[in-house]
Amino acid sequence: MTRIITQALGIAAAAPSHRIGIGATKIAIAIIFLWIGALKFVPYEADSITPFVANSPVMSFFYERPAEYNAHLTHEGELKPAERAWQIGNNTYGFSKGLGTLELAIGFLTLAGLVSRRLGMAGALLAFATPFVTLSFLVTTPEAWVPALGDAQHGFPYLSGAGRLVLKDVALLAGAWLIIVDTARALLATKEDATISRLADPYRKGARRVA
């Protein structure tokens with residue numbers, strides 16, 4: 001049994017396993033950004049991020065009337081024409097489409113990292129930066145925590161559905177960092193190989209002249 005475990009650990013620790021893991025991480029991060037980014041063009045998704053944006057000190061200025069958002073919230077799948085009209089006037093959908101475009105770009109750049117280290121590095125850096133904004137919602141957004149409606153469990157540390165959605169970005173942060181480290185090592189190794197080749201060329205040329 002010990003031999004089998006040792007062999008399994010050896011397979012997991014091998015270079016191919018590492019490459020598969022990094023590749024899978026790139027694909028996973030790309031799926032998150034591409035899927036959620038595409039949904040930002042749909043009204044229900046734009047409506048759902050209203051509390052985050054309206055309470056954010058670095059995003060609320062994108063909205064026309066952020067202080068009024070609470071009276072116009074709807075549930076997913078619910079259509080209220082009056083609230084939809086308010087969201088249009090609030091620039092909820094214009095901002096959401098802009099954010100979705102950025103998220104799609106991050107997703108495509110991260111996915112491009114499978115074939116281009118430089119493009120992948122750009123995507124990984126953006127993917128790494130994004131959670132710093134989204135995780136700040138845990139501090140700025142009251143809806144991230146269970147409200148005090150009678151139950152004893154409310155406020156910190158009791159995350160609401162919105163809060164649990166935000167917390168996942170901790171894993172996104174760690175995954176993007178692993179991609180950055182792996183890509184940086186690969187780029188430096190390529191640069192080192194190129195430097196060695198340039199230094200070696202004069203000697204090879206000189207040897208040919210002597211011969």
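What follows is calculated from the coordinates using simple rules that are stated; it is not laboratory data. Predicted model only: the values in this text are computed from it and were never measured. In this analysis, Cβ positions are derived from the backbone assuming ideal geometry, glycine residues included, and neighbour counts consider all displayed protein chains.
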Legend entry - chymotrypsin sites (Phe, Trp or Tyr not before Pro) restricted to DSSP loop in segment 1-85 with at most 13 other C-beta within 10 Å: none
Inset, instruction - Would you mind ranking Thr110, Thr101, Thr140, Thr25 by Cβ crowding within 10 Å, fewest neighbours first? - result: Thr101, Thr140, Thr25, Thr110
Legend entry - Helical mean residue ellipticity (222 nm; -39500 (n - 2.57) per DSSP H run of 4+; nearest 500) of the chain: -23500 deg cm²/dmol
Legend entry - Of [x] 9, 31, 26, 18, 11, 4, 1, 0; [y] 8, 24, 25, 18, 12, 7, 4, 2, 1, 0; [z] 8, 34, 40, 16, 2, 0, the label for P(r) over Cα pairs in 10 Å bins from 0, in percent derived from the coordinates: [y]
Legend entry - Potential extension, Ala105-Asp151 segment - 0.36 nm per residue separation minus Cα distance: 12.3 nm
Inset, instruction - Apply the membrane-span-like helix rule to the chain: whole DSSP H runs, Cα extent along the own long axis of at least 24 Å, mean Kyte-Doolittle hydropathy at least 0.5. List the helices found. - result: 15-39, 92-112, 117-134
Inset, instruction - Measure out, as a whole number of angstrom, how far apart the alpha-carbon centroids of segment 12-31 and segment 35-86 sit. - result: 35 Å
Inset, instruction - Could you please report the charge total around Ile20, scoring K, R as +1 and D, E as -1 over all other residues with beta-carbon less than 15 angstrom from its beta-carbon? - result: +1
Legend entry - Surrounding net charge for Ile180, when Lys and Arg each add one and Asp and Glu each subtract one, Cβ distance under 12 Å: +2
Inset, instruction - Return the long-range amide H neighbours of Trp145 (sequence gap of 5 or more, or a different chain), with a cut-off of under 5 Å between placed amide H atoms. - result: Ser160
Legend entry - Burial ordering of Leu165, Leu99, fewest other beta-carbon atoms within 10 Å first: Leu165, Leu99
Inset, instruction - Could you tally the net charge around Ile49, taking each other residue with its Cβ under 14 Å from the Cβ of Ile49, Lys/Arg +1 and Asp/Glu -1? - result: -4
Inset, instruction - Assuming R0 = 30 Å, can you tell me the calculated FRET efficiency for the pair Tyr158 and Val181, based on Cβ-Cβ distance, to the nearest 0.05? - result: 0.30
